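What follows is one structure encoded as structure tokens, with my remarks underneath.
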Amino acid sequence: MNVVNTKKNKELLKTILFYLLLFLLSAALAVTSKNYDNDIWARLIAGMSVVQTGQILKYDFLSFTPTHPWYDHEWGSSTKQLWTYRLTYTTSYYDFFNYVIFS
């Protein structure tokens, strides 16, 4: 019985360490990244449209002449960025991690 419990505890510890290290690595990469999305406001507007209509965009409504079909392939990240912005009033994941860590 003792051997089973220690085996389960080791497996649980390994799992916790794995996810903790994965989170810390992701946070470190997000904080040190220099790849910024310069079109963040268009992403927020596209995310807002997806949330309000419940549909993936099929036409570029921000263009002056939306004549051809256009599918927003970043609709998932757009909605995630919109929710992050609404929650924290920040526009980047760097600001989001600062908000989470330091508040």
Given the options LYS34, LYS14, LYS8, LYS58, name the one that is in a helix (DSSP H, G or I), at pLDDT below 85 and of a type in the set (Lys, Arg). LYS8
Restricting region 62-103 to residues that are part of a loop (DSSP other than H, G, I, E, B), modelled with pLDDT of 75 or more and within 14 Å of TRP41 (Cβ to Cβ), the residue that is most open to solvent (accessible area, probe 1.4 Å): LEU62
All but one of (1) surrounded by 12 or more Cβ atoms within 10 Å (Cβ to Cβ); (2) at pLDDT 80 or above hold for ALA28; state the number of the condition that does not hold. (1)
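The values are calculated or read from the model by the stated rules, or taken from the named source; none is laboratory data. Computed from a predicted structure; not experimentally measured. Cβ atoms come from the backbone with ideal geometry, glycine included; neighbour counts cover every protein chain shown. Ligands, DNA and RNA are stripped out before the accessible areas are found, and what is left, the full protein with its side chains, is counted by its heavy atoms. Shrake-Rupley method; radii C 1.70, N 1.55, O 1.52, S 1.80 Å.
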